[in-house]
Amino acid sequence: MAKQATSAGEFTGFPRQGLDFLEGLAAHNDKTWFDANRSGYDEGLMEPGRAFVVALGEELNARVGPGIHAEPRVNGSIFRINRDTRFSADKTPYKTHFDMFLWQGAGRSRECPGYYLRITPELVHLGAGMHGFPRPVLEAYRDAVVDPALGQRLVEITGELAGIDGVSLPEPHYARLPRGYEAEGERAVLLRMSAMHAGGAYDLPRQLGSADFVGWCADRLEPLAPLQRWLVEALDP
């Protein structure tokens, strides 16, 4: 059964305070500014974010099926705003967006397919799937692509998603078919993927500041559910 935390308060929208904080952080990306303006992060993003995660989890579990994990905490369904700068030339300490992720599967959250959302001062990004396959998961994905039934279903799902206005799919990462795998047509393209996800970016809706934002997001995530369900079936051990 999915974890569905209910300790967060009722979701009433993301206030303008959170967007103002992200705009300010983009202009002053340092610890001194962050600490001085911490209330904008806590009150404008974290508090409503925890409530939103719970509300969206309940909505998606009702709409697209059970098993969606919604954990209203950092390193659960809420990403850390601190950047990992150890291996990056960009040493700015903070992300200038707010990310959330509701996953399905028995593994660690970031190693499972899921529904994701990013808020920036200009856009809302929504999608489903995985943005990168760890090595064992990549092999399971490729095995599923060449499976007669699973592979054909993925071809059909991605074809349907490609026809939805505003929804995009990843481009092939590898130039050649992986060693040991053979396929033609659309399956050959799918075998060259290093990730599988679908989603789009939208102008900030008026619903962002109200409880209606949950339904607005679910309306755009629900059409992506067939891809999410395929990944769960194909990749979950």
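The values are calculated or read from the model by the stated rules, or taken from the named source; none is laboratory data. Note that the coordinates shown come from a computational prediction; the quantities given were computed from them, not determined experimentally. Here the Cβ positions follow ideal geometry from the backbone for every residue, glycine too, while neighbour counts run over all protein chains shown.
Name the residue that is nearest to P113 (Cα to Cα), counting only residues in region 133-165 that are outside any helix (DSSP H, G or I) and within 21 Å of the chain's Cα centre (by Cα). Spell out how you get there, then give the answer.
Keep residues of region 133-165 that are outside any helix (DSSP H, G or I), which gives 133-134, 147, 163-165.
Checking which are within 21 Å of the chain's Cα centre (by Cα) leaves us with 133-134, 163-165.
Values: F133: 10, P134: 12, G163: 22, I164: 21, D165: 23 Å.
Applying the filter and picking the extreme gives F133.
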**Asked** For region 205-216, does any single residue satisfy the condition of being in contact (Cβ under 8 Å) with a residue 24 or more places away in the chain, in a loop (DSSP other than H, G, I, E, B), of a type in the set (S, T, Y) and under 16 Å from Y141 (Cα atoms)?
**Response** no
**Message:** Looking at A201 and the list (1) under 14 Å from the mean Cα position of the chain (by Cα); (2) in a helix (DSSP H, G or I), which single condition is not satisfied?
**Reply:** (2)
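A quick yes/no check of all residues on (1) at pLDDT below 95; (2) over 17 Å from the mean Cα position of the chain (by Cα); (3) under 30 Å from P15 (Cβ atoms):
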{"residue": "Y174", "(1), (2), (3)": "no, yes, no"}
{"residue": "M196", "(1), (2), (3)": "no, no, no"}
{"residue": "G209", "(1), (2), (3)": "no, yes, yes"}
{"residue": "F213", "(1), (2), (3)": "no, no, yes"}
{"residue": "D219", "(1), (2), (3)": "no, no, yes"}
**Request:** Would you be able to say whether some residue in region 124-131 is in contact with a Leu (Cβ under 8 Å, 6 or more places away or on another chain) and surrounded by fewer than 16 Cβ atoms within 10 Å (Cβ to Cβ)?
**Result:** yes
**Request:** Filter region 178-198 down to the residues that are assigned to a strand (DSSP E or B) and aliphatic (A, V, I, L, M), then identify the one that is nearest to I119 (Cα to Cα).
**Result:** A198
**Asked** What number of residues within region 28-72 are out of contact with any His (no Cβ under 8 Å at 6 or more places or on another chain) and within 23 Å of Q207 (Cα to Cα)?
**Response** 28
**Request:** Please find, among F52, F79, F14, F21, the residue that is touching a Cys at 6+ places or on another chain (Cβ under 9 Å) and of a type outside the set (S, T, N, Q).
**Result:** F52
**Message:** Cβ contacts < 6 Å: first residue touching a residue at least 24 places away in the same chain (Cβ under 8 Å), restricted to region 146-161; second residue of a type in the set (D, E, K, R) and surrounded by 14 or more Cβ atoms within 10 Å (Cβ to Cβ), any location; separation 6+ or different chain. Result?
**Reply:** G151/R187; V155/E186
**Fill in**
With the first residue restricted to region 114-134 and required to be over 16 Å from W230 (Cβ atoms) and in contact (Cβ under 8 Å) with a residue 24 or more places away in the chain, and the second required to be among the charged types (D, E, K, R) and not in a strand (DSSP E or B), Cβ contacts under 7 Å at 6 or more apart or on different chains are P121/E23; L126/R220
**Request:** Inspect all residues belonging to region 36-52 and state whether any of them is out of contact with any helix residue (DSSP H, G or I) (no Cβ under 6 Å at 6 or more places or on another chain), hydrophobic (A, V, I, L, M, F, W, C) and farther than 17 Å from F101 by Cα.
**Result:** yes
**Request:** Select from region 55-94 the residues that are free of Cβ contacts under 8 Å to residues at least 60 places away in the same chain, under 21 Å from N37 (Cβ atoms), touching a strand residue (DSSP E or B) at 6+ places or on another chain (Cβ under 8 Å) and not in a loop (DSSP other than H, G, I, E, B) and list them in ascending order.
**Result:** I78, N82
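How many residues does region 21-39 contain that are more than 23 Å from the chain's Cα centre (by Cα) and over 13 Å from P93 (Cα atoms)?
5
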**Options L126, L102: the member that is closer than 18 Å to G13 by Cβ, assigned to a strand (DSSP E or B) and at pLDDT 95 or above** = L126
**Fill in**
Counting only residues that are over 19 Å from D147 (Cβ atoms), buried (at least 18 other Cβ atoms within 10 Å of the Cβ) and of a type outside the set (V, I, T), region 176-215 contains a total of 5
